[in-house]
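Student: First the structure, then my questions, so here it is.
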Amino acid sequence: VHTSDEINDLAQTINTMAEKLEKVEQERHHLEQVRNDFLANVSHELRTPLTAVQGFLEALQDGLVEEEEARQKYYAVMYSETMQINRLVDDLMDLMKLENNEVTLAKFPVDVKELLGKIAFSFHPEAEEKGIRMEVDVPDELPKIYADRDRVAQIIKNLVKNALKFTEEGEIRLSATAEEQYVRIRVTDTGVGISADDLNRIWERFFKVDRGRSKKNKGTGLGLAIVKELVELHDGKCSVESVPGEGSTFTVWLPTVAFYRPMT
Ligand code: ADP
């Protein structure tokens, strides 16, 4: 014989379990949704360039392109679409490894001034071609960061590539300054900018602001997702500010050497 208290307890326990089960089910449903969205995005991003290549190949095969000049154009488009597939696969692999904690950083003291200078220099020709100035603004006495140099270069390059893609005139400025235990690195452009609504979603994988941009602004929509993962792996943080029509500023904070305590 059970007392009514015992029965009440049991009923309570069953209720709690039912609630927990429902939460697990909701979570499972959510994960499934995320997975399906992801696969749909990957297929879409792959299908677009593949369909283009297929179409051009068929036209060439059927002898529909008679003039040599036109044929060369077809080859060029096919090449650039293939490169796009390559970029997508590379970015995907990189992001998957980051998300699965399979990336180990080789951390050493890194001179940010030197690194930003080199990166700016490497983008000079591209910027010049578009008539955009590249400026570097870093004080001499900046502390070194404790980071994986190649990965930091990847972060900054991703931001500069975007700045170049989405800026038609003006300048791109790379700056850095010490801020508490971090070095704050900024990439500022005078480009199209990002609306307040889009700003919230900018770090999501596959997110691209769709304004029917010209074909040459091809991206994978994974660049900023990779940036965020890499920054967080460094125990840093990142943020973005923008005024549509005026430009954007991406900021990354990375820990300085002084605050690194090796484990003993
Ligand atoms: P993508 O490969 O498309 O550049 P990202 O993840 O690097 O992918 O960027 C996502 C989207 O954020 C871009 O497609 C673009 O719409 C927007 N964006 C990123 N950087 C800038 C910028 N500097 N100015 C304006 N829009 C930007």
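The values are calculated or read from the model by the stated rules, or taken from the named source; none is laboratory data. On a predicted model such as this, the values are computed, not experimentally measured, just so you know. Counting neighbours? That spans all protein chains shown, and the Cβs are built from the backbone with ideal geometry, glycine included. Accessible surface is based on the protein model in full, side chains and every heavy atom, while ligands, DNA and RNA are left aside. Shrake-Rupley method; radii C 1.70, N 1.55, O 1.52, S 1.80 Å.
Student: Between Lys144 and Glu128, what is 0.36 nm times their sequence separation minus the Cα-Cα distance? Round to one decimal in nm.
Tutor: Extending this stretch completely gives an extra 2.8 nm.
Student: Given axes a ≥ b ≥ c from the Cα gyration tensor, I'd like to know whether region 1-147 is rounded (a/c under 1.5), prolate (a/b larger than b/c) or oblate.
Tutor: oblate
Student: Sorted by accessible area with a 1.4 angstrom probe, largest first, how do Ser195, Ser248, Ser122 fall?
Tutor: Ranked list, largest accessible area first: Ser122, Ser195, Ser248.
Student: Could you order the peptides 79-85, 128-134, 157-163 from most to least packed, using the average number of other C-beta atoms within 10 Å per residue?
Tutor: 157-163, 79-85, 128-134
Student: If you don't mind, another one. Taking a ≥ b ≥ c as the square roots of the eigenvalues of the Cα gyration tensor of region 7-53, is the shape rounded (a/c under 1.5), prolate (a/b larger than b/c) or oblate?
Tutor: prolate
Student: For region 65-121, just say rounded, prolate or oblate: build the C-alpha gyration tensor, square-root its eigenvalues into a ≥ b ≥ c, call rounded for a/c under 1.5, and beyond that prolate if a/b exceeds b/c, oblate if not.
Tutor: It comes out oblate by the Cα gyration axes.
Student: Still on this model: Which order do Tyr75, Tyr146 take by accessible area at a 1.4 Å probe, largest first?
Tutor: Order by accessible area, largest first: Tyr75, Tyr146.
Student: May I pose another question? Say each of Asn36 and Glu67 gets a label point 7 Å from the Cα, pointing the same way as Cα to Cβ; how far apart are those two points in nm?
Tutor: Output for this residue pair reads 4.8 nm.
Student: Something else: If you average 1/r over all unlike Cα pairs in region 143-244 and invert the result, what Kirkwood radius do you get in angstrom?
Tutor: Roughly 14.6 Å, rounded to one decimal.
Student: How much area per residue is accessible in the chain when the probe is 1.4 Å and only protein heavy atoms are counted (Å²)?
Tutor: 64
Student: Which value at 222 nm does the chain reach when only helices count, each DSSP H run of 4 or more adding -39,500 (n - 2.57), with the total divided by all residues and rounded to the nearest 500 deg cm²/dmol?
Tutor: The per-residue figure over the chain is -19000 deg cm²/dmol.
Student: Another question about this same structure. Based on the Cβ-Cβ distance from Glu19 to Asn101, what FRET efficiency comes out when R0 is 25 Å, to the nearest 0.05?
Tutor: The computed FRET efficiency comes out at 0.20.
Student: Oh, and also: Of all the accessible heavy-atom surface of region 99-147, with the other protein chains kept in place and a 1.4 Å probe, what percent is carbon and sulfur?
Tutor: Heavy-atom surface of region 99-147 belonging to carbon and sulfur, 1.4 Å probe: 48 percent.
Student: Would you tell me the accessible area of His30, worked out with a 1.4 angstrom probe on the heavy atoms of the protein chains, in Å² to the nearest 10?
Tutor: Its heavy atoms expose roughly 100 Å² to the probe.
Student: If you bin every alpha carbon distance in the chain into 5 Å steps from zero, what whole percent lands in each bin?
Tutor: 1, 5, 10, 13, 13, 13, 11, 9, 7, 5, 4, 3, 2, 2, 1, 1, 0, 0, 0
Student: How many nm is it between the label spots at Asp210 and Glu179, if each spot is 7 Å from the Cα in line with the beta carbon?
Tutor: Each label point is offset 7 Å from its Cα along the Cβ direction, giving 3.4 nm.
Student: Okay, next question. If we count every other residue with Cβ under 13 angstrom of Val227's Cβ, Lys/Arg +1 and Asp/Glu -1, where does the sum land?
Tutor: +1
Student: 7 Å from Cα along Cα→Cβ at both Leu233 and Ser80: what's the point-to-point distance in nm?
Tutor: Result for the modelled spin labels: 3.1 nm.
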